[in-house]
Amino acid sequence: MSVIFLLDLFGTAVFAATGALAAGRKDLDLFGVLVLGMVTAIGGGTLRDLTLGLTPVFWISQPVYLWVAAAAGIVTVLLTRAGILPGRLLPLADALGLATFCVIGAERAAAAGAAPDIAVLMGVMTGVAGGMIRDVLTGEVPRVLRRELYATAALAGAATTVTLLAIDAGAPLAVWCGLLVALSLRLAAMRWNLSLPIFTHRT
Amino acid sequence: MSVIFLLDLFGTAVFAATGALAAGRKDLDLFGVLVLGMVTAIGGGTLRDLTLGLTPVFWISQPVYLWVAAAAGIVTVLLTRAGILPGRLLPLADALGLATFCVIGAERAAAAGAAPDIAVLMGVMTGVAGGMIRDVLTGEVPRVLRRELYATAALAGAATTVTLLAIDAGAPLAVWCGLLVALSLRLAAMRWNLSLPIFTHRT
Amino acid sequence: MSVIFLLDLFGTAVFAATGALAAGRKDLDLFGVLVLGMVTAIGGGTLRDLTLGLTPVFWISQPVYLWVAAAAGIVTVLLTRAGILPGRLLPLADALGLATFCVIGAERAAAAGAAPDIAVLMGVMTGVAGGMIRDVLTGEVPRVLRRELYATAALAGAATTVTLLAIDAGAPLAVWCGLLVALSLRLAAMRWNLSLPIFTHRT
């Protein structure tokens, strides 16, 4: 699954770029850029590994994830300053990163022996928790809790992967199908501005 | 201790309801309702299990906690929209949930071999950490850090349980006595508006 | 390394004092003082132990860290109310605490078998993560992400320690040299107001 590994690194870089941009919105310094980049990129997978008991967590045995995230954060700053950050491509890249993370997270949890419902949850967590920590660190209510279909795309992708794994379709097919489902749903949500119902209540 | 198990699920549902209501105060979407409900309900026990090294954490081997939390979040939205949420009963239910969580957390830590002071701390953490994460995710300074006696009730209940366990009174007696102590203190604090002294300091 | 152990407890007390003062700025109650004090003091080491898989985490086998943090929080309140808190000494004490935490964190990670880059990261995390959680709990964007050289001093100290360990210089020498490097850099940053470049970007 080396293509999946490359996609995973790609998602790591893209998520780190969103962290770096969030740092830029709050006038953070270079350390803030690095922290937000890394936390956004590896936060979800870290929570997944911690709760599953898969320690040391993945980036300790594979520090390449940290280096990619750090490099992506710095490159984002440089490209932004040079005025050549492909800002309109970022949401598309983010959709691909989300799709990759959710299916990899679900597959990893299933491989660790998690029950199907837990594996789906772990996929969603891998996809969205890093961005939630990024938002909390910059003083925002996490966007994923109130914007257009984002977590739902991760849920659909993870559920697809887990279902295919359950019927012994094999990991590669399960991962690729899940990835396509998540990516399609996320792109559709962006294209047609789909969203979940909002719950408003004041006491 | 099946009554305790039922009380634990009851506390899970009540805590999830407070998470869903917090989501409603911030105009979150359905995913936000589910996340806040689950995080409030299982956040404290998750931190307890992680720091004790009891992984996979409890809701991975017993997903019923997640489902109860998710269902309670959705039911809260429905009841609120229908205008029939028993809002005045919620604080009473929350007191019972807090009392249950703190003694179960202390008992679980003691059973895992934690020293008495650590077991008490774990009881308090089980009772209050989920609500703290809920508040941080919605951009609030955690209420438990500044309102009427709440954590103190959890502390008293956990200490009672740990003390009785230390003198070999048996888990059922220890749990029930701790629960009664925590519940009484919490209800008394609500009834007479008891609170801890506030610390104010500007530099 | 009993002097290092004492320095570690000293750093714990100082970090807890900064947590208590943060509680005072937000009008928290006594429980808030205790929580912020403990979280600031042990938050970084807890994250380090969790991600490395060193569970139960350090303060469970050595509760003295918790008691020192709790006591320091209460003493801070008392000294502040009496008007005799040595406010101008606190930043100096904090620099010593930071230097101690980052080298101890790096040494502990290296001793657990972490690769050099991971050990450095763990040192930085041990030094700064507690303060970040403190700031998030009080509704602030973490200061360490945007102020004068703070994390960089921890990074230099941790890197010094890890390098000396890698060339078999022995733990005591590695720890003391790292501590001196971190302390010097932090004090220099305070004296001459050194800082990292800020990244500002609005979309």
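The values are calculated or read from the model by the stated rules, or taken from the named source; none is laboratory data. Computed from a predicted structure; not experimentally measured. Note that each Cβ is placed from the backbone with ideal geometry, even for glycine, and that neighbours are counted across all protein chains shown. Calculation scope for accessible area: heavy atoms of the full protein, side chains included, ligands and nucleic acids excluded. Shrake-Rupley method; radii C 1.70, N 1.55, O 1.52, S 1.80 Å.
Decide, for the range B:46-154, between rounded, prolate and oblate: order the square roots of the alpha carbon gyration tensor eigenvalues as a ≥ b ≥ c, take rounded if a/c falls under 1.5, and otherwise choose prolate if a/b is larger than b/c, else oblate. Display every interim value, and only then the final one.
Numbers: a/c = 2.02, a/b = 1.48, b/c = 1.37.
Prolate is the answer for the range B:46-154, as a/c is 1.5 or above and a/b outweighs b/c.
From the Cα trace of the range B:76-122, what convex hull volume per residue do you get, rounded to a whole Å³?
Each residue corresponds to 73 Å³ of Cα convex hull volume.
Relative contact order (percent) for the range A:2-192, with alpha-carbon contacts under 8 angstrom and 6 or more residues of separation?
Relative contact order for the range A:2-192 comes out at 24 percent.
Taking amide H positions as placed in the peptide plane 1.01 Å from N, state which residues far from residue B:29 in sequence (5 or more) or on other chains have amide H under 5 Å from it.
Those qualifying (amide H under 5 Å, at least 5 residues apart or on another chain) are A:146, A:199.
Could you tell me what percent of the accessible area of the range C:10-146 is made up of carbon and sulfur, with a 1.4 Å probe and every protein chain present?
Percent of accessible area from carbon and sulfur atoms in the range C:10-146: 68.
For the pair residue B:180/residue C:111, report the inter-label distance in nm, with labels modelled 7 Å from Cα in the Cβ direction.
4.7 nm
Name the long-range amide H neighbours of residue A:195: under 5 Å, sequence gap of 5 or more, or other chain; modelled H, no Pro or chain starts.
Distant-sequence amide H within range of residue A:195: A:149.
Just how large is the dipole of the range B:2-192 about the Cα centre, in debye to the nearest 20, putting +1 at every Lys and Arg Cβ and -1 at every Asp and Glu Cβ?
Computed about the Cα centre, the dipole is about 460 debye.
When you have a sec, figure out the Kirkwood radius of the range B:2-192 from all distinct Cα pair distances and drop it here in Å to one decimal?
Roughly 16.3 Å, rounded to one decimal.
Which whole-angstrom value gives the distance between the alpha carbon centres of the range B:43-104 and the range C:95-166?
A separation of 35 Å, based on Cα centres.
Give the A-C buried accessible area in Å², both sides summed, 1.4 Å probe, nearest 100.
In total, chains A and C hide about 2500 Å² from solvent.
Mean projection of the alpha-carbon convex hull of the protein assembly as shown over all orientations, in nm²?
Projected area, direction-averaged: 27.5 nm².
Could you provide, to the nearest whole Å², the per residue accessible area of the protein assembly as shown with probe 1.4 Å?
Accessible surface, normalised per residue, equals 39 Å².
Treating the angle as unsigned and between 0 and 90°, give the value, to the nearest 10°, between the Cα long axis of helix A:2-25 and the longest Cα principal axis of chain A.
Once rounded, one gets 40 degrees.
Angle between the Cα long axis of helix A:171-192 and the longest principal axis of chain A, 0 to 90 degrees, nearest 10?
50 degrees
If you put a point 7 Å past Cα along the Cβ direction, how far is that point for residue B:75 from the same point in each other copy, in nm, smallest first?
Distances to the matching label points in the other copies: 5.0, 5.0 nm.
Using θ = phi - 60° and the Karplus form 6.51 cos²θ - 1.76 cosθ + 1.60, what ³J(HN,Hα) does each residue of the range A:40-45 get, whole Hz, x for Gly and Pro?
Going residue by residue, I get 5, 6, 10, x, x, x Hz, with x marking Gly and Pro.
Tell me what the protein assembly as shown gives for mean residue ellipticity at 222 nm when only DSSP H runs of n ≥ 4 count, each as -39,500 (n - 2.57), the sum divided by the residue total, rounded to 500 deg cm²/dmol.
Numbers: 24 runs with 453 residues, N = 609.
Taking each H run of at least 4 residues, the total per residue is -25500 deg cm²/dmol.
Which of B:47, C:74, A:119 sits farthest toward the positive end of the charge dipole of the protein assembly as shown, with +1 on the Cβ of Lys and Arg and -1 on the Cβ of Asp and Glu?
In the protein assembly as shown, that residue is C:74.
HN-Hα J couplings of the range A:60-73 from phi, Karplus 6.51/-1.76/1.60, θ = phi - 60°, integer Hz, Gly and Pro as x?
7, 7, 10, x, 4, 4, 5, 5, 4, 5, 5, 4, 5, x
Which part of the range C:85-100 falls in the paramagnetic zone of residue C:191, meaning amide N under 19 Å from the point 7 Å along Cα-to-beta-carbon?
Of the residues in the range C:85-100, C:88-100 have backbone N under 19 Å from the label point off residue C:191.
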